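To start, the structure itself, in structure tokens.
The values are calculated or read from the model by the stated rules, or taken from the named source; none is laboratory data. Since we're looking at a predicted model, the values are computed, not measured. Virtual Cβ from ideal backbone geometry, glycine too; neighbours counted across all protein chains shown. For accessibility, only protein heavy atoms count, side chains too; no ligands or nucleic acids. Shrake-Rupley method; radii C 1.70, N 1.55, O 1.52, S 1.80 Å.
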Amino acid sequence: MRLKHGWHAYFNMRMLICFFLGFTSGLPLFVLLNLVQAWLRSEKVDLESIGLFALIQFPYTWKFIWAPIMDRFSPQLLGVRLGRRRAWMLCTQLGVAGLIAALGFISPRDTLWVVAVLAAALAFFSASLDIVLDAYRRELLNDHEQGLGTAIHVNAYKISSLVPGALALILSDHIQWSTVFLITAAFMLPGIILALVVREPTVHVAPPKTLRDAVVLPFQEFMKRNGWRHALLVLAFIFLYKLGDSMATSLATAFYLDLGFTRTEIGVIAKTVGLWASIGGGVVGGVLLMQLGIARGLWLFGVAQMVAILGFAWLAYIGPVELWLALVIGGEMFATGLGTAAFIAYIAQTTNPRYTATQFALFTSLSAVPRTFANAGAGYIVEQVGWFEFFFVCMALALPGMLLLPWIAPWKARQEPTKMS
């Protein structure tokens with residue numbers, strides 16, 4: 001395939017920035033999901049208490065509430081003006097690094113409530129970091145770069161899981177937990193340095209002048225941009241596009257176990273084939289989006305996601321065959337990588353540069369809601385219809401989002417699915 005924009009469009013400083021910021025964005029989340037859980041259990045904290053720690057993730061769903069503050073204000077550090085995005089980038093990263101380092105010096109057995117407070121604060125700073133990094137990436141990249149830049153960001157996000165989920169756990173068998181958390185916190189340094197040396201993105205519209213404007217105008221602008229009917233269609237699409245895919249994978253581990261696969265087989269195949277297939281799908285999706293445009297990517301990659309769901313149904317039909325497990329996991333994760341690249345790039349282009357942080361946070365929060373419904377209702381559906389039929393239900397749930405594409409991202413709209421006012 002001929003590279004339409006030349007190699008410099010694929011390998012440049014902006015893409016390198018996306019990689020480091022994606023890594024920085026993912027690290028604190030995987031600290032909460034992997035490292036803190038392992039640490040608490042190794043310190044003999046009971047499972048009920050560990051389970052309750054899942055509640056501290058609420059800032060990721062509600063981050064749009066304080067996003068307007070990050071659109072309106074530009075903090076100063078030691079009297080130095082870094083610019084609106086870089087200043088928040090530096091503040092949130094310093095908060096994340098400090099909180100990760102502090103966790104290791106607390107005893108969970110003696111003061112579990114302090115650990116909970118620090119973990120909740122870490123989730124808040126991590127969600128705030130996501131707000132500013134999404135806004136920065138949207139403003140840094142040209143329209144035709146959004147797909148590839150998003151794919152690089154998401155893949156670096158996934159790669160960051162290897163630090164708290166693998167390296168830190170290995171180190172914990174040999175050194176004290178306080179040192180483990182300090183080393184993990186040190187992986188935030190590249191992002192902190194980057195915030196000091198990169199340029200502030202150029203935005204050709206003025207930011208909100210008051211906090212009220214920062215809260216009200218992003219929603220008002222979105223509703224008036226192409227009319228409230230189109231706005232509701234956009235919100236419905238963001239809610240529905242990944243619904244079938246999310247439900248199909250919500251009980252994946254339980255599905256593999258029910259088929260008869262061992263935990264070792266699941267762990268080895270999922271960690272190797274799954275991770276790298278997802279990364280490959282994201283990279284390929286990002287490159288293809290620069291050729292196809294985001295609108296066509298949503299069509300083609302949405303179909304790929306639906307076909308991948310059928311792989312689970314096939315596996316349910318033939319039973320526990322390791323080769324097919326690898327193919328199904330690899331195919332599903334590759335298709336998910338493709339779909340995610342197009343979906344997040346679409347969300348980025350749907351934001352208005354004047355209110356990037358608020359609108360981006362709102363859209364990504366809305367896109368996370370289906371995961372909650374999938375996890376809550378999937379088990380009930382499986383109990384009623386069985387695994388084989390369940391995956392056909394999931395594929396059917398993917399159809400409504402696809403049916404909205406003629407209005408949301410027409411096939412002929414190669415680059416810009418929505419118009420800015």
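Restricting attention to segment 363-372, does a residue exist that is out of contact with any Ser or Thr (no Cβ under 6 Å at 6 or more places or on another chain) and at pLDDT 90 or above?
Yes, segment 363-372 contains at least one residue that is out of contact with any Ser or Thr (no Cβ under 6 Å at 6 or more places or on another chain) and at pLDDT 90 or above.
Would it be correct to say that Trp39 is assigned to a helix (DSSP H, G or I), more than 25 Å from Leu90 (Cβ to Cβ) and either open to solvent by less than 30 Å² (accessible area, probe 1.4 Å) or aromatic (Phe, Trp, Tyr) (or both)? Outline the logic, then answer.
Details: assigned to a helix (DSSP H, G or I): yes; more than 25 Å from Leu90 (Cβ to Cβ): yes; either open to solvent by less than 30 Å² (accessible area, probe 1.4 Å) or aromatic (Phe, Trp, Tyr) (or both): yes.
Yes; evaluated as a whole, the condition is true for this residue.
Only one of Val114, Val205 is more than 30 Å from Met333 (Cα to Cα) and either open to solvent by 40 Å² or more (accessible area, probe 1.4 Å) or modelled with pLDDT of 95 or more (or both); which? Working first, answer last.
Details: Val114 fails: either open to solvent by 40 Å² or more (accessible area, probe 1.4 Å) or modelled with pLDDT of 95 or more (or both).
From the options Val114, Val205, the qualifying one is Val205.
Please go through segment 57-100 and pick out each residue that is open to solvent by 20 Å² or more (accessible area, probe 1.4 Å) and aliphatic (A, V, I, L, M).
Initially, segment 57-100 is screened for residues open to solvent by 20 Å² or more (accessible area, probe 1.4 Å), giving 57-58, 60-62, 64-66, 69, 72-84, 86, 88, 91, 94, 98-99.
Ile65, Ile69, Leu77, Leu78, Val80, Leu82, Leu94, Leu99, listed by residue number.
Restricting to segment 329-349, and then to whatever is surrounded by 24 or more Cβ atoms within 10 Å (Cβ to Cβ) and over 16 Å from the mean Cα position of the chain (by Cα), can you tell me which residue is nearest to Leu292 (Cα to Cα)?
Residue satisfying both the conditions and the ranking: Glu332.
Within segment 141-193, count every residue that is open to solvent by 20 Å² or more (accessible area, probe 1.4 Å), under 20 Å from the mean Cα position of the chain (by Cα) and polar (S, T, N, Q).
Within segment 141-193, residues that are open to solvent by 20 Å² or more (accessible area, probe 1.4 Å), under 20 Å from the mean Cα position of the chain (by Cα) and polar (S, T, N, Q) number 1.
Is it fair to say Arg229 is farther than 27 Å from Val303 by Cα, among the charged types (D, E, K, R) and surrounded by fewer than 21 Cβ atoms within 10 Å (Cβ to Cβ)?
Details: farther than 27 Å from Val303 by Cα: no; among the charged types (D, E, K, R): yes; surrounded by fewer than 21 Cβ atoms within 10 Å (Cβ to Cβ): yes.
When the stated conditions are applied, Arg229 does not pass them.
Search segment 162-174 for residues that are in contact (Cβ under 8 Å) with a residue 24 or more places away in the chain and under 14 Å from Val31 (Cα atoms) and pair each with any residue that is open to solvent by 30 Å² or more (accessible area, probe 1.4 Å) and assigned to a loop (DSSP other than H, G, I, E, B) when their beta-carbon atoms are under 8 Å apart and the residues are at least 6 apart or on different chains.
Between residues of segment 162-174 that are in contact (Cβ under 8 Å) with a residue 24 or more places away in the chain and under 14 Å from Val31 (Cα atoms) and residues that are open to solvent by 30 Å² or more (accessible area, probe 1.4 Å) and assigned to a loop (DSSP other than H, G, I, E, B), the close pairs are Val163/Phe187.
Which members of segment 316-334 meet the condition of being touching a Phe, Trp or Tyr at 6+ places or on another chain (Cβ under 8 Å), under 18 Å from Ser278 (Cβ atoms) and not charged (D, E, K, R)?
Within segment 316-334, Leu325, Val328 meet the criteria.
So how many residues does segment 299-310 have that are small (Gly, Ala, Ser) and open to solvent by 10 Å² or more (accessible area, probe 1.4 Å)?
Initially, segment 299-310 is screened for residues small (Gly, Ala, Ser), giving 302, 304, 308.
Filter once more, so that each one left must be open to solvent by 10 Å² or more (accessible area, probe 1.4 Å): 304, 308.
Qualifying residue count for the region: 2.
Confirm whether Leu103 is open to solvent by 20 Å² or more (accessible area, probe 1.4 Å) and either in contact with a helix residue (DSSP H, G or I) (Cβ under 8 Å, 6 or more places away or on another chain) or among the acidic types (Asp, Glu) (or both).
Details: open to solvent by 20 Å² or more (accessible area, probe 1.4 Å): no; either in contact with a helix residue (DSSP H, G or I) (Cβ under 8 Å, 6 or more places away or on another chain) or among the acidic types (Asp, Glu) (or both): yes.
No; evaluated as a whole, the condition is false for this residue.
Assess whether Pro218 counts as being under 22 Å from Leu140 (Cβ atoms), touching a Lys or Arg at 6+ places or on another chain (Cβ under 9 Å), modelled with pLDDT of 90 or more and part of a helix (DSSP H, G or I). I'd like the intermediate steps shown before the answer.
Numbers: under 22 Å from Leu140 (Cβ atoms): yes; touching a Lys or Arg at 6+ places or on another chain (Cβ under 9 Å): yes; modelled with pLDDT of 90 or more: yes; part of a helix (DSSP H, G or I): yes.
Judged against the criteria, Pro218 is a match.
Conditions tested, residue by residue: (1) closer than 30 Å to Glu48 by Cβ; (2) touching a residue at least 12 places away in the same chain (Cβ under 8 Å); (3) part of a helix (DSSP H, G or I).
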residue: Leu90; (1), (2), (3): no, yes, yes
residue: Leu94; (1), (2), (3): no, yes, yes
residue: Ala102; (1), (2), (3): yes, yes, yes
residue: Ile106; (1), (2), (3): yes, yes, no
residue: Arg109; (1), (2), (3): yes, yes, no
residue: Ile131; (1), (2), (3): no, yes, yes
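With in contact with a helix residue (DSSP H, G or I) (Cβ under 8 Å, 6 or more places away or on another chain) and open to solvent by 70 Å² or more (accessible area, probe 1.4 Å) as the only criterion, which of Thr253, Thr249, Thr210 stands out? Steps first, answer last, please.
Values: Thr249 fails: open to solvent by 70 Å² or more (accessible area, probe 1.4 Å); Thr210 fails: open to solvent by 70 Å² or more (accessible area, probe 1.4 Å).
It is Thr253.
Within segment 1-42, take every residue that is out of contact with any helix residue (DSSP H, G or I) (no Cβ under 8 Å at 6 or more places or on another chain) and modelled with pLDDT of 85 or more and give me the one that is nearest to Trp177 (Cα to Cα).
Among them, the one singled out is Leu16.
Considering segment 256-298 alone, what residues qualify as being open to solvent by 20 Å² or more (accessible area, probe 1.4 Å), of a type outside the set (Val, Ile, Thr) and outside any helix (DSSP H, G or I)?
Within segment 256-298, just Gly260 meets the criteria.
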